[in-house]
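None of the figures in this text is laboratory data; all of them are computed from the coordinates on show. Not measured: the values here are computed from a predicted model. All Cβ positions, glycine included, derive from the backbone under ideal geometry; neighbour counts span all protein chains shown.
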Amino acid sequence: MASSTNTAIIHDWLPLIGGAERVLESIHRIYPSPIYTIIKNEEALRGSYFDTKSIKTSFIQNLPFAKTKYRNYLPFFPLAIEQFDLRKYDIIISSSYAVAKGVLTNANQLHICYCHSPVRYAWDLYHQYLEEANLQIGLKGLFAKVILHYLRNWDVASINRVDYFIANSNYIARRIKKLYNREAIVIYPPVAVENFKLCEVKENFYLTASRMVPYKKIDLIVEAFALMPDKELVVIGDGPDFSKIKKKATANIKILGYQSFEVLRDHMQRAKAFVFAAEEDFGIIPVEAQACGTPVIAYGRGGALETVKNNETGLFFYEQTTSSLIEAIRDFEKKSYDFVPALIRNHSENFSTEKFEAKFKAFIEDKRGDLNL
């Protein structure tokens, strides 16, 4: 384990535990350093890896409702991240999908950014974000557009505060090149494949699981299965779209809402296939399904193209439409006997936590050595 004496870790915010926080945990295990973040939600972190760790927050932490309504303070995020005084550290590691990469550093410091994504609602999802938030017109809409314009300008201005970028997929490396004109090496995020067991006997139902927000496209999956009454679908997850999605469910679709990890894993192991319709930067849950030996029927864009092997560990559909998904499911049922659970499980081990930590540490230590830090 590397010394943590002169290393600091920066993460955007810690309101809950998600995929980016799993990466943060792995980084912290290698370099057990102080964590700087805009806000943290102590209640959500209680009992987690981060519960007892040294976490330093920004002034936003003390603003009204910041722990849960932190996005309301978006205009202040760049200012907040720049207020962290990191002068005493030699190595800065940022875990960034918004503003963490923008911390202020000097010429004697090494700043390496693990980039989950350039800030999506300011770039790729700008128009979608305005549409879903009903901010396309009006005074509030104008204010939102001005703020996001400012955020884009600041995002580009802060690029050169980073010495080296690490991307979580080739998909994100291409976006970093396009938006920032910077090269990035790819180190896939850690997936705890050891927590999932191979199950070679599959049952006659399909599974999807996700937080129910628009870009996850759970509604599309439900609509497709509503048109296939002879096929059973189980849906696990909760979120803002839960009620809307539940109304679309037909008799062959079970909407289970939020479930424990044990229940989710049990369904993953037994499912005929896992259905994944989102365009994700990487996408941890399809890898978890494959760790159970379960094939994945995935939308053929984004990180899924790197985690699922077409016709070997799953199948792709190439349009986010019910007809495209239905066609893929019918194709899968013709080929399902070709999918070998043990081989699918073996593929998932390419994304293990152990491999992530070995590659990440090797990269950091190599760059540290270059600067004699």
Label zone at ILE147 (point 7 Å along Cα-to-Cβ), backbone N below 16 Å, segment 30-50: 39
Rounded if a/c under 1.5, otherwise prolate or oblate - the chain, Cα gyration tensor axes: prolate
Rounded to the nearest 20 debye, dipole of the chain from Cβ charges on Lys, Arg, Asp, Glu: 660 debye
FRET efficiency, ASN252 to LYS56 (Cβ-Cβ, R0 56 Å, nearest 0.05): 0.65
Angle between the chain longest axis and helix 353-370 axis [Cα atoms, degrees, rounded to 10]: 30 degrees
Sparsely packed chymotrypsin sites (Phe, Trp or Tyr not before Pro) within segment 201-299, loop by DSSP, other Cβ within 10 Å at most 15: TYR258
Those trypsin sites (Lys or Arg not before Pro) in segment 12-78 that DSSP places in a loop and that have at most 11 other beta carbons within 10 Å: ARG46
Residues listed by number, segment 170-204, amide nitrogen under 20 Å from GLU349 label point at 7 Å toward C-beta: 188-201
Length added when fully stretched, ASN108-SER260, from 0.36 nm per residue minus Cα-Cα: 50.1 nm
Most fluctuating residue given options GLN290, GLN61, GLN136, as computed from a GNM of the chain linking Cα atoms under 10 Å: GLN136
Simple label model, 7 Å out from Cα along Cβ direction - LYS69 to ARG174, nm: 4.0 nm
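Check each of the chymotrypsin sites (Phe, Trp or Tyr not before Pro) in segment 92-200 and keep only those in coil by DSSP with at most 15 other C-beta atoms within 10 angstrom; list them in order.
Passing sites in segment 92-200 do not exist.
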Reachable aspartates and glutamates, given that their alpha-carbon falls under 16 Å from the alpha-carbon of LYS359 and they are not under 8 places away in the same chain: GLU25, GLU349
Simple label model, 7 Å out from Cα along Cβ direction - LEU79 to GLN320, nm: 3.4 nm
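Taking square-rooted eigenvalues a ≥ b ≥ c of the alpha carbon gyration tensor, is segment 166-211 rounded, prolate or oblate, where a/c under 1.5 means rounded and, failing that, a/b exceeding b/c means prolate?
Prolate, because a/c is 1.5 or more and a/b exceeds b/c.
Apply the a/c threshold of 1.5 to the C-alpha gyration tensor of segment 109-207 and tell me whether it is rounded, prolate or oblate. Could the numbers behind the result be given before it?
On the way: a/c = 3.33, a/b = 1.34, b/c = 2.49.
Oblate is the answer for segment 109-207, as a/c is 1.5 or above yet b/c matches or exceeds a/b.
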Across LYS53/LYS145; LYS231/LYS355; LYS197/LYS247; LYS216/LYS272, pairs whose alpha-carbon gap is larger than 31 Å: LYS53/LYS145; LYS231/LYS355; LYS197/LYS247
Among ALA20, ALA167, ALA133, residue whose mean-square fluctuation peaks in a GNM of the chain (springs only between Cα atoms under 10 Å): ALA133
Candidate aspartates and glutamates for bridging to LYS248, where Cα separation is under 13 Å - those fewer than 8 sequence places away on the same chain excluded: ASP219, GLU223
Value of relative contact order over the chain, rounded to a whole percent, pairs C-alpha under 8 Å and six or more apart: 13 percent
Given the chain, longest segment not containing exposed loop GluC sites (Glu not before Pro) (DSSP; at most 15 other Cβ within 10 Å): 1-182
Euclidean distance of C-alpha centroids, segment 12-40 and segment 253-275, integer Å: 27 Å
Amide H contacts under 5 Å for PHE317, placed H, 5+ residues apart: ALA298, TYR299, GLY300
